[in-house]
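Have a look at the structure below before the remarks.
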Amino acid sequence: MKTMSDVIIAGGKTGGHLFPGIAVAQALGRLKQDIRVLFVGTRAPFEISTLEKYNLAHTAIYAKAIKGGNILSKSGSMIMIAVSLLQSIMILLRTRPGFVLGVGGFSSFAVVLAAWLLRIPTAIQEQNAYPGLTNRMLSRFARTVFISFENTKGFTGNPKARFVGNPMRRAQDSSPQDTSVLYGFDPEKFTLLITGGSQGAASINTSVVQALELMGSRALNLNIIHQTGKTDESKIKAAYQRLNIPATVSAFFHDMPQLQDMADLIITRAGAGTLSELCAKGKPAILVPFPFAADDHQTFNAKALEEKGAAVMIRDHDLSGQTLKQTIEPLMKNKNKLETMRKALLALAMPDADEKIANHILQTMKARG
């Protein structure tokens, strides 16, 4: 018997794709408590462990990244697509969902295409200002395209496009940060948060340490919270000790939303999820786009904020201790500039993207009976 209260969310592997899907699943659960959501993605350990943490059901299909514009020209592409498409059709026939949402990543392609073939309502959610290859292809089949940036490249004026913002996960623990665990934290000082994402960013890590060294005694007037990634953790800890600069350094922080709340300025990459969080919280930032992101989409993301006066962008190849010092110090001194950036960020915020997408899904399912 067909169950219309089932939804499949397809895609993942990276946090940039997975977390918006989780946000929509959370919103669906708030709006309809008996709804059943299944994630279809890859066997990537990060994907599996993250969904387990949120108690969300998951199954995997065979999926492999395809490079280049013409997927049929790649050796083995036909076989790979056929296998993943067959797996997807079998999953859809078994679970009989009322809706399929693709959140990007190569694992979403076959699932959304299979749903289109089976006449199951579909939508895709694009996080970036420059869409990924998978979503560019799927936009031909999906009924609706949810976009996070008003001027998302290729979707401006598209009747399928709906500008809703990027869905953000709700914190599982909203308790305030215990500042006693932060080394030398002084609430009267300017707080600088550095993060290169869960894997860290070597160029940011190195340049921040160099910038603080160049700042000399002024660096002692900062609270520094630095997420390094696993590879650089010991090296960056040693650098702070050598410079005698108090800092809280860790490979990964599980309470990043609370740390963001405490920060006066954030140095970070320009992933769509991160930028959505900055906008929602009104947190001024120095953005260093990851130079090897697909289609350089992080640069497009950062430009979208910089053009609104909401952030400062430094390209990775321009990043150094000197350029970072020259960017940090004026911002520390200019509270009016930080306030202007904060207001610009809040004006761009769309914190209800998760519920807008969830409501669309539920209304579509209800209309089908």
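Some notes on this structure:
- Among the conditions (1) among the β-branched types (V, I, T); (2) in contact with a His (Cβ under 8 Å, 6 or more places away or on another chain); (3) more than 20 Å from D354 (Cα to Cα), V103 misses just one, which is (3).
- Among residues of the stretch 258-274 that are within 20 Å of N128 (Cα to Cα), those with a beta-carbon under 6 Å from a residue that is aromatic (F, W, Y) at least six positions away or on a different chain give the pairs R269/F290; G273/F19.
- Just so you know, in the stretch 148-170 the residues that are under 30 Å from H254 (Cβ atoms) and surrounded by 15 or more Cβ atoms within 10 Å (Cβ to Cβ) include one that is modelled with the lowest pLDDT, and it is R169.
- Filtered residues of the stretch 311-320 (kept if part of a helix (DSSP H, G or I) and touching a residue at least 60 places away in the same chain (Cβ under 8 Å)): D316
- Within the stretch 47-62, tally of residues that are surrounded by 19 or more Cβ atoms within 10 Å (Cβ to Cβ) and free of Cβ contacts under 8 Å to residues at least 12 places away in the same chain: 0
- Filter pass, A367 being within 27 Å of G102 (Cα to Cα) and not basic (K, R): yes
- Scanning the stretch 321-344 for residues that are buried (at least 18 other Cβ atoms within 10 Å of the Cβ) and not in a helix (DSSP H, G or I) yields no hits at all.
- Among the residues of the stretch 117-136, those identified as closer than 16 Å to L93 by Cβ, in contact (Cβ under 8 Å) with a residue 12 or more places away in the chain and out of contact with any strand residue (DSSP E or B) (no Cβ under 6 Å at 6 or more places or on another chain) are L117, L118.
- Only a single item in (1) modelled with pLDDT of 65 or more; (2) under 12 Å from A110 (Cβ atoms) is not met by R43, and it is number (2).
- Any chance A285 is closer than 24 Å to L18 by Cα and either modelled with pLDDT of 95 or more or not basic (K, R) (or both): yes
- Failed condition for G29, given (1) assigned to a helix (DSSP H, G or I); (2) at pLDDT below 95; (3) not hydrophobic (A, V, I, L, M, F, W, C): (2)
- Criterion (in contact with a strand residue (DSSP E or B) (Cβ under 9 Å, 6 or more places away or on another chain), at pLDDT 95 or above, surrounded by 21 or more Cβ atoms within 10 Å (Cβ to Cβ) and under 19 Å from Y62 (Cα atoms)) met by exactly one of V100, V145: V100
- Residue in the stretch 171-194 that is nearest to L117 (Cα to Cα), counting only those that are at pLDDT below 95 and among the hydroxyl-bearing types (S, T, Y): S174
- Counting the residues of the stretch 223-240 that are more than 16 Å from I204 (Cβ to Cβ) and at pLDDT below 95 gives 0.
For (1) touching a residue at least 12 places away in the same chain (Cβ under 8 Å); (2) acidic (D, E); (3) touching a helix residue (DSSP H, G or I) at 6+ places or on another chain (Cβ under 8 Å), each residue gets a yes or a no:
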position: P291; (1), (2), (3): yes, no, yes
position: F300; (1), (2), (3): yes, no, no
position: G309; (1), (2), (3): yes, no, yes
position: Q322; (1), (2), (3): yes, no, yes
position: Q326; (1), (2), (3): no, no, no
position: T340; (1), (2), (3): yes, no, no
position: L345; (1), (2), (3): yes, no, yes
position: L348; (1), (2), (3): yes, no, yes
position: P351; (1), (2), (3): yes, no, yes
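The values are calculated or read from the model by the stated rules, or taken from the named source; none is laboratory data. Fair warning: this is a prediction, and the values are worked out from it, not measured in the lab. Here Cβ is always computed from backbone atoms with ideal geometry, including for glycine, and neighbour counts include all displayed protein chains.
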